[in-house]
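The values are calculated or read from the model by the stated rules, or taken from the named source; none is laboratory data. What you are looking at is a predicted structure, and each value in this text was computed from that prediction instead of being measured. When we count neighbours, we look across all protein chains shown, and the Cβ atoms used for this are built from the backbone with ideal geometry, even at glycine.
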Amino acid sequence: MRKIALFILLTGALLPSSWAESIIRPGLWEVTTKSDLLALVPHIPAEQMQQLTRLAKQYGLEMPQVRNGAATSQVCITPEMARQDVPAYFYENQSGCTVTNATRTGNRYQMELMCDNRQFKGNGHAEGVFMTPESFSGRTQFDSIVQGTPLYAHADTTGRWIGERCELVQPVR
């Protein structure tokens, strides 16, 4: 369960940065992901939480702050990232997932996710909308098997642009 929670944290933090081309403003963004699974984070033993934090760092990410079932993080969107239509490398390189059937129409996007790695196996769907170049909302649904246990997860994500400069936050690799 903790691995799927990390997947939700990662996809929630990364999803909005993948839809750019003139509808997303480069710079520093605050991204908040809400999920029933994230509400379980306070019940994760300290040792397992440290393992999750180490795993996130392996992906080049800082563990977001989790409160009341919501994870909040800051994401730096470079101008190069903002110009990319569908940078699938976020999922393929960072979480071991493959993005398929990714489409964007105007300010709306959707994609299918397929994950088959050591941590978990499953399929998901993500969709969302950029209300302005400085705000978005989205939803991810995911059916998976984690350590032999079937698990369904969903997350709602919102983001808001904070500013042009990202000095303290490194872009996602």
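Quick grid of which residues meet (1) modelled with pLDDT of 90 or more; (2) of a type outside the set (Phe, Trp, Tyr); (3) closer than 26 Å to VAL66 by Cβ; (4) in a strand (DSSP E or B):
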site: THR103; (1), (2), (3), (4): no, yes, no, yes
site: GLN119; (1), (2), (3), (4): no, yes, yes, no
site: ALA126; (1), (2), (3), (4): no, yes, yes, yes
site: SER144; (1), (2), (3), (4): no, yes, yes, yes
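The helices (runs of 4 or more DSSP H) falling completely within the range 1-83 that include 3 or more residues that are at pLDDT below 80 and either small (Gly, Ala, Ser) or closer than 24 Å to LEU151 by Cα (or both) map to 2-14, 46-58. Can MET111 be described as at pLDDT below 80 and buried (at least 18 other Cβ atoms within 10 Å of the Cβ)? Criteria not met by MET111.
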